[in-house]
1. Give, as ranges by residue number, the residues of region 107-127 whose backbone N falls under 14 Å from the point 7 Å along Cα→Cβ of residue 242.
2. Classify region 76-203: rounded, prolate or oblate, from the alpha-carbon gyration tensor (a ≥ b ≥ c, eigenvalue square roots; a/c under 1.5 rounded; otherwise prolate if a/b is larger than b/c)?
3. What length, rounded to one decimal in nm, is gained on full extension from residue 162 through to residue 145, with 0.36 nm per residue of separation minus their alpha-carbon distance?
4. Residue 112 to residue 50: extension gain in nm, 0.36 nm per residue of separation minus the Cα-Cα distance?
5. Would you please give the FRET efficiency between residue 14 and residue 104, computed as 1/(1 + (r/R0)^6) with r the Cβ-Cβ distance and R0 = 30 Å, to the nearest 0.05?
6. Using the count of nearby Cβ atoms within 10 Å as a rough guide to exposure, how do 287, 168 rank from fewest to most?
7. Report, in whole Å, the centroid distance computed from the Cα atoms of region 12-76 and region 159-190.
8. Suppose each label sits 7 Å from its Cα in the direction of the beta carbon; what would the residue 257-residue 36 distance come out to in nanometres?
């Protein structure tokens, strides 16, 4: 049976359900050069990652690019909707809402690997700003016929900003944190991460688009970059500790207009981690489970 195409499906939540179960595969080599480039981007002072070393947690996002020709891109710089992902056109703002990642075995630098992606779920909810659509994509990364990690990735589609809309108050950040790193984002950091992940989303590097079209006050810091910075706290404070799982949820966007803080609090089983924006509210919250 043929799968639906963009032209066949109206902007209707019931029709989007036809995309559940759609799959896509991508092969890649866990190239050491790309990992070393992220080390430089994050100011990682450790020795350069070489072939055979385990890839750090969440660095798999550097690989298995979704490559589309320029003619197949949407106005936001992402591949046009209606291919692998459903054609959710009426909700133009698209962002990474969170992930649940299980690290089952090491993924070696230099290894040949395969990613199998499946649209696992599509949900529509009513938020304060209007209708929201959540698409969950399950990624499995396989090396030598063994699954190394499973990443359930939630994508949220949101309506355009309303005139005069202001962010509502958020959750105040915890007052104390044994682990803490202050980060001053800038366009160079965001561009380098976009390049390493082959992420064409214009909200991360095109300031006129981010401000004038999508209504943000500045460039948006990538959700996966924030999540990676949280896990980097674990790597710095607990070298040698193996992370077995990581769950995170984005609560509010972070922009390049002001510094933000990455913080964490460990316990016997793992660590609570969070990102605090310049307004003092929690922008992202996560939980790392130790092996």
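1. Inside the label zone: 107-108.
2. oblate
3. Details: separation 17, 0.36 × 17 = 6.12 nm, distance 4.89 nm.
The residue 162-residue 145 span can extend by a further 1.2 nm.
4. Stretched fully, the residue 112-residue 50 segment lengthens by 20.9 nm.
5. In this case the efficiency is close to 0.25.
6. Lowest to highest Cβ neighbour count: 168, 287.
7. 24
8. 3.9
Values in this text are rule-based calculations from the coordinates and carry no lab data. All of these numbers come straight from a predicted model, not from anything done at the bench. Note that we place each Cβ from the backbone using ideal geometry, even for glycine, and neighbour counts take in every protein chain shown.
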